[in-house]
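Quick notes on the structure that follows.
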Amino acid sequence: MLYEKPGRSGWAFESEEDSSDEPYSPAIVAGRYRVTGVLSRRPRSDVLTAVDVREDRQVVVKRIRFPERATSSRLRQAHQVLSGLRVAEVAAVRELHEGKRDSWLVWDRVAGLSLRQYRETLPISNGADFQTRWAHIGPVFDAILHGLESMHRSRLAHLDLKPSNVLVSPDGSPVLVDIGVDEDAEASGEARGVAAVTAQDMGFTSPEQANGAQAGPLSDQWSLAALLYFLVTGEKPVRGRDGALTLWSLTRLFV
């Protein structure tokens, strides 16, 4: 089922992977999903690998601690849309479990390389012209665009579009995974916005998201354009000598 590659397979969150040896609590989610690993851990949201013990199927679980009312509404919408979308370019949601304190969104696990890893495998030289580059990256971008348009037509924005949230299968087919929620952007109990944007996100997060403002489909369009720039050039569209400078450059776009 999984696409074997050095160091990682399945749902990719690149440098965010948790290396702790401590058992995750709870070990079983919703009475059927046995946690097997932690892909990312934040103060109010975790992303976990798990096995559905009823169907012997690998899944990915997103845990939101104490979700706000708007987040609970977004999770229900995501469950409704992504469980019935049936689009190959978007990962399918299996279940939403809402507990007394936490909510858990469960996806089928997707096998593949992250878009960043996939881009590194392409035979594109630094001096290649645009036509040569587009011959390699055009079909992938078109498929990403189709997946995102399918979500938008269902009135669901992704809000966390970045290379680690696009997985590419061995046959070159990309799949959008995960969705963004407010709790992802909380670096502490109250901090949001610029301070919470990670190194992997910088350059792909829209200016309004970096500033902690309201986000929507237009935010996805920014991120989509950033992905296109990355695919064509192999570099982030907004970058600096360090993380602080990159964030300053991004937020200055809104001044």
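The values are calculated or read from the model by the stated rules, or taken from the named source; none is laboratory data. Source: prediction; values computed, not measured. Every residue, glycine as well, gets a Cβ built from its backbone with ideal geometry; the counts of neighbours run over all protein chains shown.
Observations on the model:
- Some residue of segment 66-86 being of a type in the set (Lys, Arg), out of contact with any His (no Cβ under 7 Å at 6 or more places or on another chain), over 25 Å from ARG153 (Cα atoms) and surrounded by fewer than 21 Cβ atoms within 10 Å (Cβ to Cβ): no
- Picking from residues in segment 205-221 that are within 20 Å of SER154 (Cβ to Cβ) and of a type in the set (A, V, I, L, M), the one that is surrounded by the fewest Cβ atoms within 10 Å (Cβ to Cβ) is LEU218.
- Single match in GLY172, GLY234, GLY243 (criterion: modelled with pLDDT under 70 and surrounded by fewer than 20 Cβ atoms within 10 Å (Cβ to Cβ)): GLY243
- Count of residues meeting criterion [in a helix (DSSP H, G or I) and over 20 Å from the mean Cα position of the chain (by Cα)] in segment 108-132: 4
- Near pairs, Cβ below 6 angstrom, 6+ apart or cross-chain, from segment 76-91 (in contact (Cβ under 8 Å) with a residue 40 or more places away in the chain) to any residue that is aromatic (Phe, Trp, Tyr): ALA91/TRP107
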